[in-house]
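Starting off with a structure, shown below.
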Amino acid sequence: MTTWATRFATCFGVGYFPIASGTVASAVALPFAWLLVPYGWTWLFGATFVVTLMGIWACGVHAKKVRVNDPSECVIDEVAGQWLALLPAALAHRQDWRPYLMAFFLFRLFDILKPWPLSAAERLPGGLGIMMDDVLAGLIAAACLYVMFYIRLI
């Protein structure tokens, strides 16, 4: 029987996608961010905060259940990270596609490469470790996107 923790941790089944489930989850997060951005950065940040807290719990419960430290099907962390990467778009009230595409690529780049401190954060215990490397990847991607806005690259 599938628990609510598993449903949430896997982003309601997206995590079971056979190829690149993390990338698919990041792509799935984009339209939801598109809906939140017009309400301002506080809505996007608030949703990200809630998803992060629930993700820590859900991923921790699911990881313990399947007895794997960081199960690949836990992809709610990609949603939180992707939404954080889009905070500069919300701050700038940008609703065109370019910041979304750039935030997607930046977030995926940092999430896949896992430079320090992401590599250190992923070693934290339980759901915290599962979520924090993606949260940090989202924050780094957001900083890069902000700089791109500032110097008018996009």
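The values are calculated or read from the model by the stated rules, or taken from the named source; none is laboratory data. This is a predicted model, so every value here is computed, not measured. So basically every Cβ, Gly included, is an ideal-geometry build from the backbone, and we count neighbours across all protein chains shown.
Of the residues ARG98, ARG94, ARG67, only one is crowded, with 17+ Cβ neighbours inside 10 Å, of a type outside the set (A, V, I, L, M) and more than 17 Å from MET132 (Cβ to Cβ); which?
Answer to the check: ARG94.
Quick check on ALA92: is it in contact with a Pro (Cβ under 8 Å, 6 or more places away or on another chain) and on the phi < 0 side of the Ramachandran plot?
So ALA92 fits the description; yes.
Would you pick out the residues in segment 113-154 that are among the β-branched types (Val, Ile, Thr) and farther than 12 Å from ALA80 by Cα?
Result: ILE140, VAL147, ILE151, ILE154.
Here's something else I'd like to know. Give just the number: which of (1) farther than 16 Å from ALA27 by Cα; (2) modelled with pLDDT under 95; (3) part of a helix (DSSP H, G or I) does GLY127 not satisfy?
Of everything listed in (1) farther than 16 Å from ALA27 by Cα; (2) modelled with pLDDT under 95; (3) part of a helix (DSSP H, G or I), GLY127 misses just condition (2).
Let me ask something else about it. Can you confirm whether segment 7-30 contains a residue that is in a helix (DSSP H, G or I) and modelled with pLDDT under 95?
No, segment 7-30 contains no residue that is in a helix (DSSP H, G or I) and modelled with pLDDT under 95.
Follow-up question, since we're still on this one. When segment 33-53 is examined, which residues are found to be in contact with a helix residue (DSSP H, G or I) (Cβ under 8 Å, 6 or more places away or on another chain) and part of a helix (DSSP H, G or I)?
Once the filter is applied, which keeps residues that are in contact with a helix residue (DSSP H, G or I) (Cβ under 8 Å, 6 or more places away or on another chain) and part of a helix (DSSP H, G or I), segment 33-53 yields ALA33, TRP34, LEU36, VAL37, TRP41, TRP43, LEU44, PHE45, ALA47, THR48, VAL51, THR52.
Same structure, new question: Just give me the residues in segment 24-40 being surrounded by 18 or more Cβ atoms within 10 Å (Cβ to Cβ) and not aliphatic (A, V, I, L, M), in sequence order.
SER26
How many residues does segment 41-51 contain that are within 14 Å of the chain's Cα centre (by Cα) and surrounded by 13 or more Cβ atoms within 10 Å (Cβ to Cβ)?
7
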